[in-house]
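Working notes for the structure below.
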Amino acid sequence: MKSINTRIKADETDHNKLEVKMLKIKCKKCGNELPEKSIFCNKCGNKIEQLERKPKKETGLKIFLGFLILIVIYILWTQNNKPIKNVPPAIKTNLAQEVSREKRYAHQKINLRQGRGENFKIINYLERGDVVNIDSTLYGWCIVYKNNNKIGYASENFLNKYPIPDLEIADWNWRTEPDFGGDGAVIYTVQIRNNTNRYIKNVLVEITTYDSNGNLIDTDQTYVTGLSPGGTASGKGYATYYGKENRASIRIVE
């Protein structure tokens with residue numbers, strides 16, 4: 001009997017728990033708790049249809065908060081991506097131009113003119129070793145800038161893409177002497193310029209001769225010695241004569 005009562009109480013407890021879970025509204029007249037879908041109050045008989053049910057606001061609140069977050073993100077993005085104000089137009093232009101300008105080197109003294117062409121007045125010049133920037137090349141003439149300032153126009157061919165090397169051939173020539181020494185010879189002279197601030201003892205140069213079809217005939221090497229800092233020195237060499245020499249080239253080996 002005790003076990004039956006215990007079971008009944010347990011069932012009642014489970015039923016009450018289930019009922020509590022289902023109770024969501026109260027009767028306005030007597031305050032009795034009722035299931036949400038009740039039509040009449042089981043205590044006072046009041047019509048539940050007359051009760052004011054509060055609409056669920058959870059979904060609407062989530063939508064509102066999501067919309068608010070989007071607005072905040074948009075405001076922050078627009079603030080971070082606003083164009084820079086109060087920057088002088090000249091600065092913006094210079095920055096854009098500076099990116100497109102090419103660096104060039106003056107390997108000799110170069111006259112700068114007022115416009116594009118030899119007929120324009122010389123207004124400035126570049127010294128050997130000067131480093132400049134150029135842009136707006138037209139008809140072989142370009143605008144020259146130094147320290148970001150326009151200083152004139154020059155022929156682009158006079159401005160080298162590479163800096164002055166430590167050693168360079170300042171001058172050279174060659175000739176054939178068919179009767180030299182009985183078998184003939186190719187005689188060549190070369191002048192080397194030392195562009196460094198140190199003394200250089202020896203420089204090896206090489207001459208190559210070609211026939212009229214561009215085929216290689218022979219090569220020969222000689223040393224130029226005693227180059228002082230910023231100075232020049234000359235050397236002379238004799239190559240084998242074959243009688244077909246039409247042109248020649250020369251280079252610094254080391």
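Sort 184-192, 209-217 for me by packing, meaning the mean count of neighbouring Cβ atoms within 10 Å per residue, highest on top. Present the calculation step by step, with values, prior to reporting the outcome.
On the way: 184-192: 19.0, 209-217: 12.8.
Top to bottom by mean Cβ count within 10 Å: 184-192, 209-217.
Dimensions of the stretch 147-254 along the principal axes, based on C-alpha atoms and rounded to the nearest Å, stand at 61, 34, 18, largest first. Between LYS29 and ASP166, the modelled labels are 11.1 nm apart [label points 7 Å from Cα along Cα→Cβ].
Please say if the stretch 97-220 is rounded, prolate or oblate, where rounded means a/c under 1.5 for a ≥ b ≥ c the square roots of the C-alpha gyration tensor eigenvalues, and otherwise the choice is prolate for a/b larger than b/c and oblate otherwise?
Details: a/c = 2.93, a/b = 2.13, b/c = 1.38.
Because a/c hits 1.5 or more and a/b exceeds b/c, the stretch 97-220 counts as prolate.
Cross-link pairs exceeding 18 Å in C-alpha to C-alpha distance, out of LYS103/LYS161; LYS109/LYS236; LYS121/LYS161; LYS201/LYS236; LYS28/LYS62; LYS103/LYS146, comprise LYS109/LYS236; LYS121/LYS161; LYS28/LYS62.
Just in the stretch 119-149: which trypsin sites (Lys or Arg not before Pro) are loop by DSSP and have at most 10 other Cβ atoms within 10 Å? Intermediate results must be reported in sequence, preceding the final value.
Details: sites: LYS121, ARG128, LYS146; in loops: LYS121, ARG128.
Filter output for the stretch 119-149: LYS121.
Only the coordinates and a few stated rules stand behind these numbers; no lab work does. In this text, all values refer to a predicted model and were calculated from it rather than measured experimentally. As a convention, Cβ positions derive from the backbone with ideal geometry for all residues, glycine included, and neighbour counts pool all protein chains shown.
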